[in-house]
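Heads up, the thing below is written out as structure tokens.
The values are calculated or read from the model by the stated rules, or taken from the named source; none is laboratory data. In this text the structure is predicted, and so the values were computed from the model without any measurement. Virtual Cβ from ideal backbone geometry, glycine too; neighbours counted across all protein chains shown. Calculation scope for accessible area: heavy atoms of the full protein, side chains included, ligands and nucleic acids excluded. Shrake-Rupley method; radii C 1.70, N 1.55, O 1.52, S 1.80 Å.
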Amino acid sequence: QVEKRLELVKQVSHSTHKKLTACLQGQQGVDADKRSKKLPLTTLAQCLTEGSAVLGEDSLLGKMLRLCGEAEDKLAQELIHFELQVERDVIEPLFVLAEVEIPNIQKQRKHLAKLVLDMDSSRTRWQQSAKSSGLASNLQPSGAKADALREEMEEAANRVEICRDQLSADMYNFVAKEVDYANYFQTLIEVQAEFHRKSLALLQNVLPQIKAQQEAWMEKPSFGKPLEEHLAVSGREIAFPVEACVTMLLECGMQEEGLFRVAPSASKLKKLKAALDCCVVDVQEYSADPHAIAGALKSYLRELPEPLMTFELYEEWIQASNIPEQEKRLQALWSACEKLPKANYNNIRYLIKFLAKLTEYQDTNKMTPSNVAIVLGPNLLWPQADGNMTEMMTTVSLQIVGIIEPLIQHADWFFPGDIEFNVTGNYGSPMHVNHNANYSSMPSPDMDHADRRQHDQARRPLSVATDNMMLEFYKKDGPCLCVPPSMGVRVMDTSWVARRGTSAGRKAASTPPAAQPPAPP
């Protein structure tokens, strides 16, 4: 049984030694320094360090490469120590077992077989000598020759006995040492565990440093990121894209007909969004295309993970809009406003104040509070639900109009006090220079229509692209809201919504309730 097991153990040990050696990344049999130079991790660490030097410490990538290069170099040193220990405590003992100890026992077994043959040969010669002397089988041959043959036979038998004892001892030792052989594999796992523990400790030590560099880096994308995260990183109260777009529109877009409704050039919009993500905007370039600025603002609001008016308050907003009595409806909307988180409240206040200012020019830009609510409402509030967003929004867009329009009409009642739109003075970009002085002043809402048109045409060309995804304007004289036939939306009664007409008529129809809600605690 032991002899059969010897061959099996030899095969398994030899195969394990071969595979384990193949796992080593360093060159086997050389010292640690030479191993380090050939290690892939060391090469990677050198590449990262060199890349950091090229990019410089003033860039985020340069800092990341330096930290990662140092971490990879430490991991390489741990790997070298791990492989040297595995080689010493596991690979070499397995080699000795498979190539020395077991083969020695097998050689001893072959040697025993040879000695047995020699002993049998000596016995045969001694027996033939006895036959040739003609003695009876029960008598021992005598004479010098017979004595020599007998001594040879006895000596051969003695050698067989000694060899057999030695082989038995070696086999028993092999069986007894199986615990030691099994311990090689326990050692392998223990060494691996220690290596991974140390590697994990190294990585856990460097990871907070990497995250700290990431968090400290101010130039982070804002589109598609949560509002609170963007404000926390940038140290702002008003989101950068909102402030930058509003400030630019105040300078160059208040007179633009169909602002927020006319679609901009796709390439211009993409470029402006990318620039806003980098917190760098060339105001001079976009002053001639306010529709691109308005499109970027709509895109930012639409791409927020959660609408500016929040999912949590969605049902409350909708319920408030369904109240038929105007004063109670406004009170309910005010109550919902007060429940907004501080960051959302500050930004919606800023935006509504701007939109109210935009509607002061409605005779020129055709953007009444209802029109603004139609095109911007779906970007400020939408339900938290799966499914086709377009179909879902068409079913609730009319209700959302009923929420946004009163906020714009009564902006000073919902959000009392004046507001400074250019909060930072430079749109928040450390690399930006305020070019506001380069623009001609914005025409007054009281300027003659022909003069405004002449002023506007002299300043920039008109855009002719239209946004086909937005709802139609209110009809001038019609009693209901019109939508494209393809939308399949049921026309709902909006008799409580203020109609378009003269400025005086609109103001009279949108007078806020006399009793303002109490200030929040």
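Could you work out how far the C-alpha centroid of region 144-205 sits from that of region 296-359, in angstrom?
Distance between centres, Cα-based: 83 Å.
Need the list of lysines near residue 10 for cross-linking: C-alpha distance under 26 angstrom, and skip anything on the same chain fewer than eight residues off.
Partners found: 18, 19, 107, 110, 114, 177.
Please compute the per residue accessible area over region 61-213 with all protein chains in place, 1.4 Å probe, rounded to a whole number of Å².
61 Å²
Using r as the Cβ-Cβ distance of residue 54 and residue 420, and R0 as 45 Å, what FRET efficiency do you calculate, to the nearest 0.05?
Once rounded, the FRET efficiency stands at 0.55.
Return one whole number: the accessible area per residue of region 336-379 in Å², for a 1.4 Å probe.
Result: 25 Å² of accessible area for each residue.
In this model, which of 220/271; 34/63; 271/357 are farther than 21 Å apart at the alpha-carbon?
From the list (220/271; 34/63; 271/357), the Cα-Cα distance tops 21 Å for 34/63; 271/357.
Sorted by average packing, counted as other Cβ atoms within 10 angstrom per residue and highest first, what order do 13-20, 204-211, 254-261 take?
Top to bottom by mean Cβ count within 10 Å: 254-261, 13-20, 204-211.
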